[in-house]
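Right, one structure below, let's go through it.
All of the numbers you see were taken from the coordinates with simple rules; none came from a lab. These numbers come from a predicted model, not from an experiment. Don't worry about glycine lacking a Cβ; one is built from the backbone with ideal geometry, like all the others, and counts go over all protein chains shown.
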2 protein chains.
Amino acid sequence: MIAARPVPPLAIETDLPQPYLLFLGDTIEPGFAKTAFGLRDWARDKCVGEFACSPDAVSTGLPHMRPAAAYAKGARALVIGVANSGGIIPISWRASLVEALSAGLDIVSGMHVRLASLPDIAEAASRFGRRLIDVRSPPAAIPIATGRKRSGKRLLTVGTDCALGKKYTALAIAREFRNRGVDVDFRATGQTGIMISGGGIPMDAVIADFAAGAAEMLSPDADPAHWDVIEGQGSLFHPAYAGVSLALLHGSQPDIFIACHEAGRETILGTPGFALPEIEEVIALTHTLGARTNPAIRCGGVTINTAHLSDAEASALLDAEAERLGLPVADPVRGGARFERLIAACLA
Amino acid sequence: MIAARPVPPLAIETDLPQPYLLFLGDTIEPGFAKTAFGLRDWARDKCVGEFACSPDAVSTGLPHMRPAAAYAKGARALVIGVANSGGIIPISWRASLVEALSAGLDIVSGMHVRLASLPDIAEAASRFGRRLIDVRSPPAAIPIATGRKRSGKRLLTVGTDCALGKKYTALAIAREFRNRGVDVDFRATGQTGIMISGGGIPMDAVIADFAAGAAEMLSPDADPAHWDVIEGQGSLFHPAYAGVSLALLHGSQPDIFIACHEAGRETILGTPGFALPEIEEVIALTHTLGARTNPAIRCGGVTINTAHLSDAEASALLDAEAERLGLPVADPVRGGARFERLIAACLA
């Protein structure tokens, strides 16, 4: 994965304690470290460094430092920058979290499990007078979805799988819309997006009956020329998370969707035996299902994460896919003329 | 709606206080009273009568009586037999619930809102020494779905909408399978089914990320000849609940699905402006999406709720639809040769 340039925050400031030390645990799978990579790329000025509890852990490329050194450099919170299937905080991380608390850092987590529910962590936070902050807490009064058409325009990113660029794509599109003078909000649906933007709803923590209602709440009625660019979640083809993806699609009622993919990924992350769908299958199914709440839905283009490819390989792939699919195809991290064509197609 | 014959319970006995007085509130929409109708039809021997707080409320046809009279006839719990969009307990019901508590009845609820969170109800329960029982409580440790193929056979009911016969169909199929000597369990996914059978998972109360995992947990590995007959929820075409339906479909990995419909229903319940899908659209989409976790999925037939039709009208409709769709079509409440053909097609 290559580094994107730092950008100003896209939404309201958060009151989370900052700057951050990014915690990578003992995670060796880059796909599980998307929170850390997202903060590095979209909130670089809020990150003083990274910290792991295993020498084999993935790295963001930021300076490695222990909590005490990070505190001395200004850090005020350790952010858990990795996820895992199930959203748990394993025993192997606990000593590192206690070390952070003892060094004067609060802990910010987007995991399913509540920090305060872990006795050792709760005890240490109390002892050192530090805060435990869970950002994966949905609003209290989410309504049941109505399906009513809302004013304003909406764009949703969808994917062939989890953890391959839906948030990056939405952030990059929102930034580029803003650069062109469009009135736009990035709408975060996951913990990293919420940490970056300071607002949003953690879709995957909402009770299932209210998930589409949460998506409706996330992008309310707006000026007819206003755009909400909504971070997608999961995939309609993911055997664990497709329900969340469908609720988000129905509730977002997008005018435009962007299909997101990673070059070379062939199987669904974390669920052995499930082949990735073809991009055109994702486009067709999103169109079919999305038309239920917005009959005017259309695909604005495709983004492909080409971080593992050379420049030449990426260019060849992106052009070949654009030709094959008859749509703008770009890597938003690489940007350039291809991404500008995709932006133009969305705004056309 | 016509009354079905009483049947023995299909699963393990519950330890809920019984028998029941069915509470109908002030609900005038029969579609919202499916809990009361379900208990009347599938657990008739556990119901002593009904009670409402408005003379205009729907009726199950059971004897109407106040809580004190019901207690004298043996009732030990008032069951909230109606739902509404959002699962709330309105102010207009509260005096009736307090009357039940004062008469010696516990209260059993499947609503989203917890009985004990309502100060007036909690105070009255404490004062009269009665229990408040919420059956819409999912198990504590639901895993993320894996998509792994499980042993045994599964049947899932799906629908063109909510509240039109998916539970009835599943109960009737499970009963008929049992009558034919098949090793079968009815698997409840909603509050009424849980009250009837004494077990199950309230799918709509599960956190969205875990919904498919809950469905996997509900029908575990079993003997190759064993059938789980799983109660469907919502509809893939419902703008509020499609995500729940998709998670249940993926997690159930059914070998057979039955498409359920109500004769004459033209719009989605509770969401104005949404036309009901055609039955064949439901079959096609269920097949497409269900194949993700069970490529061998097939439609075993269609059930149509013809409660509002005469015998002659119902017969004509069922035969015409069977001809048009090329599938067994039956009303499980009416039963008969059409339903026997559907059962045979499922077991073929």
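Using the 10 angstrom Cβ neighbour count as an exposure proxy, how do B:GLU340, B:GLU321 rank, fewest first?
Result, fewest neighbours first: B:GLU340, B:GLU321.
Where Lys and Arg each count +1 and Asp and Glu each count -1, what net charge lies around A:PRO63 among other residues with Cβ under 13 Å from its Cβ?
For residues surrounding A:PRO63, the net value is +3.
Using a ≥ b ≥ c from the Cα gyration tensor of the range A:251-334 (square roots of the eigenvalues), is it rounded, prolate or oblate, where a/c under 1.5 gives rounded and otherwise the larger of a/b and b/c decides, a/b for prolate?
oblate
Relative to the other copies, what are the label-point distances for A:ILE28, with labels 7 Å from Cα along the C-beta vector, expressed in nm at one decimal and sorted shortest first?
Nearest to farthest, the other copies are at 6.7 nm.
Using a 7 Å offset from Cα along the direction of the beta-carbon, what are the separations from A:PRO272 to the same position in each other copy, nm, ascending?
For A:PRO272, the other copies' label points sit at 5.4 nm, shortest first.
Over all directions, what mean area does the Cα convex hull of the range A:206-348 project, stated in square nanometres?
Answer in nm², one decimal: 9.3.
Which percentage, to the nearest 5, of the DSSP beta bridges contained in the range B:153-347 is antiparallel?
5 percent
Please report, to one decimal in angstroms, the Kirkwood hydrodynamic radius of chain B built from all distinct Cα-Cα pairs.
Result for chain B, one decimal place: 20.5 Å.
Please give the helix A:119-128 orientation as an angle from the longest Cα principal axis of chain A, in degrees from 0 to 90, rounded to the nearest 10.
It is inclined by approximately 70 degrees.
Could you tell me the largest-minus-smallest coordinate of the C-alpha atoms of the range A:175-283 on each of the three principal axes, in descending order and whole angstroms?
On the principal axes, the range A:175-283 reaches 45, 33, 25 Å in Cα extent.
Which far-off residues, 5 or more places away or on another chain, put their amide H under 5 Å from the one on A:LEU78, with H placed in the peptide plane?
A:LEU21, A:ASP106, A:ILE107, A:VAL108
Please label the shape of the range A:20-134 as rounded, prolate or oblate, based on the square roots a ≥ b ≥ c of the eigenvalues of the alpha-carbon gyration tensor (a/c under 1.5 means rounded; beyond that, a/b larger than b/c means prolate, else oblate).
oblate
Ordered shortest first, which distances in nm separate the 7 Å Cα→C-beta label point of B:ASP120 from those of the other copies?
Ordered by distance, the counterparts are at 4.9 nm.
Which number gives the lysine pairs in chain A that have C-alpha atoms under 21 Å apart and are eight or more places apart or on different chains?
For chain A, qualifying lysine pairs total 7.
Quote the relative contact order of chain A in percent (integer), defining contacts as alpha-carbon pairs under 8 Å separated by 6+ residues.
15 percent
Report the residue, chosen from B:LEU62, B:LEU101, B:LEU24, that carries the largest GNM mean-square fluctuation when chain B is represented by alpha-carbon nodes joined by springs under 10 Å.
B:LEU62
By how many nm would the segment from B:ASP319 to B:ARG150 grow when fully extended, if each residue of separation counts as 0.36 nm and the alpha-carbon distance is taken off?
Taking B:ASP319 through B:ARG150 to full extension adds about 57.3 nm, to one decimal.
Once phi is turned into θ = phi - 60°, what whole-Hz ³J(HN,Hα) does the Karplus curve with 6.51, -1.76 and 1.60 give for every residue of the range A:155-164, x standing for Gly and Pro?
These are the phi-based 3J(HN,Hα) values: 10, 10, 8, 10, x, 6, 6, 6, 6, 9 Hz.
Compute the helix-to-body angle for B:166-179: its Cα long axis versus the longest principal axis of chain B, expressed 0 to 90° and rounded to tens.
70 degrees
For chain B, take the longest principal axis of its alpha carbons; what is the angle in degrees between that and the long axis of helix B:311-325, to the nearest 10 within 0 to 90?
Around 40 degrees separate the two axes.
State the antiparallel share, in %, of DSSP beta bridges confined to the range A:20-134, rounding to the nearest 5.
Antiparallel: roughly 0 percent of the beta bridges in the range A:20-134.
Mean 1/r over all different Cα pairs, inverted: what Kirkwood radius does the protein assembly as shown give, in Å?
One decimal place: 26.8 Å for the Kirkwood radius.
For A:ASN305, enumerate residues with amide H under 5 Å from its amide H, sequence gap 5+ or separate chain, H modeled in the peptide plane.
A:HIS261, A:GLU262, A:ALA263
Do me a favour and compute the ellipsoid semi-axes for the range A:292-332 from its Cα gyration tensor, root of five times each eigenvalue, largest one first, whole Å.
In descending order, the three semi-axes are 26, 11, 6 Å.
Taking H placed 1.01 Å from N in the peptide plane, check which residues at least 5 places from B:GLY234 or on another chain put their amide H under 5 Å from its amide H.
For B:GLY234, the qualifying residues are B:ALA163.
Find how many whole Å separate the alpha carbon centroid of the range A:121-139 from the alpha carbon centroid of the range B:61-107.
42 Å
Note the per residue figure in Å³ for the convex hull of the C-alpha positions in the range B:148-218.
Hull volume normalised by residue count: 109 Å³.
Please state, rounded to one decimal and in Å, the Kirkwood hydrodynamic radius that the range A:110-194 gives when every pair of distinct Cα atoms enters the mean of 1/r.
16.5 Å
Hey, got a sec? Which trypsin sites (Lys or Arg not before Pro) in the range B:147-218 land in a DSSP loop and have at most 14 other Cβ atoms within 10 Å?
In loop regions of the range B:147-218 (DSSP not H, G, I, E or B), the sparsely surrounded trypsin sites (Lys or Arg not before Pro) are B:ARG148, B:LYS149, B:ARG180.
Which ³J(HN,Hα) values in Hz, rounded to whole numbers, follow from the phi angles of the range A:73-84 under the Karplus curve 6.51 cos²θ - 1.76 cosθ + 1.60, where θ = phi - 60° and Gly and Pro get x?
8, x, 4, 10, 8, 9, 9, 6, x, 10, 10, 8
Given a 10 angstrom Cα cut-off, can you work out which residue in A:ALA316, A:ALA83, A:ALA100 is the most mobile in a GNM of chain A?
In this elastic network of chain A, the residue with the biggest mean-square fluctuation among A:ALA316, A:ALA83, A:ALA100 is A:ALA316.
Got a sec to turn the phi values of the range B:334-348 into Karplus ³J(HN,Hα) couplings, 6.51 cos²θ - 1.76 cosθ + 1.60 with θ = phi - 60°, whole Hz, x for Gly and Pro?
7, x, x, 5, 4, 5, 5, 5, 4, 4, 4, 5, 5, 8, 5
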